[in-house]
């Protein structure tokens, strides 16, 4: 007789347990979908806020690359009466200072873009040093300027141009 009572009790609880399990699964799926939608919304809002910051970083880095390009850097830094060694030190100091001023922009850029910027800076320093090492001790700042342009012509590329091209290509991906 106990078995009959137990079976009757199970007949009520088993359907109730199945119904509760189904309700639980439905609610869980609904909450998961809601969570995914909120997460997607959050990511979109972050991207919406980050895009202007990324463009601003690209603008600042472009300005940096233009400022350290030979045609702009040499004219801006040169002062009458400088020796080649004084001019070399001032050029390198200016390049490094400009770089340090813009170093935080890497947060908003891809690793590859920032590497291109860093390589442009290092190549520009190298060009200045190579040009300076080819001059004699009595050389003037103007002589160094000429030699820098000669080194660039020999290598057939402007160090900053490759980075600028890379950045422009990356910006096109966002448009």
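FYI, it's all coordinate maths here, none of it is from the lab. Only a predicted model underlies this, so the values are computations on that prediction, with no experimental measurement involved. With ideal geometry, Cβ positions are generated from the backbone for all residues, glycine too; neighbour counts draw on all protein chains shown.
The lone criterion from (1) surrounded by 13 or more Cβ atoms within 10 Å (Cβ to Cβ); (2) assigned to a helix (DSSP H, G or I) left unmet by residue 165 is number (1).
Table: residues versus (1) in a helix (DSSP H, G or I); (2) within 28 Å of the chain's Cα centre (by Cα); (3) in contact (Cβ under 8 Å) with a residue 24 or more places away in the chain; (4) at negative phi.
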residue	(1), (2), (3), (4)
4	yes, no, no, yes
22	yes, no, no, yes
29	yes, no, no, yes
46	yes, yes, no, yes
61	yes, yes, yes, yes
67	yes, yes, yes, yes
79	no, no, yes, yes
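Tally the residues that are in a helix (DSSP H, G or I) and surrounded by 15 or more Cβ atoms within 10 Å (Cβ to Cβ), restricting the search to region 131-145.
6
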